[in-house]
Amino acid sequence: MRPEENSPDNAGAANNRGDARANDPRLVSRRWLLFKAAVRLNGLVGLVLAVPVLRYLFAPWRKDASYDSWVSLGAVDRFPQGQTRLAFYKNPYTEPWDGATDNVACYVRRTGSADFQVFAINCAHLGCPVRWFPQSQLFMCPCHGGVYYADGSRASGPPERGLFTYNWQVVSGELRIDSGQMPTLSNTARLEKLRLEQKALVQIKPANGDSPCRG
């Protein structure tokens, strides 16, 4: 090594070149590059996780037209008076990949020329689909033995109430139901014959006369 290479002037020049390289904005260190990549990756993951949370939080304020949907079950002539028929309608809140599962079943009972009852097919116990037996004029649940009369009121079994019903209306000769919300206790679905069932409760009255336990 030549002596002039170790001179103070050469050492100072080398330090100046090192400082210039460190301050050059065109040069990025590996640590800084990894730091920026990690920040961007964490931000992307946070955004992905935040989307479903925000949708859940703002869902009550979002108006969905499907929750106020009246769908047609067909012409009223399809439902003979005094009979109960199985009908289907297309779920208004559906996705393209739902396929045939977007067809929802219900039972239509025509009680008069312009009077109907439309029952949800689900048992009021745990939601199993009930079946209508015209021979016995009963709805029966195959899961736990729930039984309902033709008017939807409870007959026997585990259910504590009658079948849930849809709101209905007749428009231009077609029977329409409010299908935006499945009938449950949490919405406007009505329970047929509930008032009559409550009145039919047996009341035990005290016996008249002296007690047989008296000596």
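The values are calculated or read from the model by the stated rules, or taken from the named source; none is laboratory data. What you see is a predicted model, and the numbers here were worked out from it, not measured in a lab. Cβ placement follows ideal geometry from the backbone for every residue including glycine, while neighbour counts extend to all protein chains displayed.
Quick grid of which residues meet (1) modelled with pLDDT of 90 or more; (2) more than 23 Å from Val71 (Cα to Cα); (3) surrounded by fewer than 18 Cβ atoms within 10 Å (Cβ to Cβ); (4) touching a strand residue (DSSP E or B) at 6+ places or on another chain (Cβ under 6 Å):
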residue: Thr94; (1), (2), (3), (4): no, no, yes, no
residue: Asp98; (1), (2), (3), (4): no, no, yes, no
residue: Val108; (1), (2), (3), (4): yes, no, no, yes
residue: Ala114; (1), (2), (3), (4): no, no, yes, no
residue: Phe139; (1), (2), (3), (4): yes, yes, no, yes
residue: Tyr149; (1), (2), (3), (4): yes, yes, yes, yes
residue: Glu160; (1), (2), (3), (4): no, yes, yes, no
residue: Val170; (1), (2), (3), (4): yes, no, yes, no
residue: Leu175; (1), (2), (3), (4): yes, no, no, yes
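Would you call Ala124 at negative phi, within 25 Å of the chain's Cα centre (by Cα) and surrounded by 14 or more Cβ atoms within 10 Å (Cβ to Cβ)? Judged against the criteria, Ala124 is a match. The set of residues in segment 105-146 being assigned to a loop (DSSP other than H, G, I, E, B) and among the hydroxyl-bearing types (Ser, Thr, Tyr) consists of Thr111, Ser113, Ser136. So if I check each of Leu41, Leu57, Leu86, which one is modelled with pLDDT under 85 and of a type in the set (A, V, I, L, M)? Exactly one of Leu41, Leu57, Leu86 is modelled with pLDDT under 85 and of a type in the set (A, V, I, L, M), namely Leu57.
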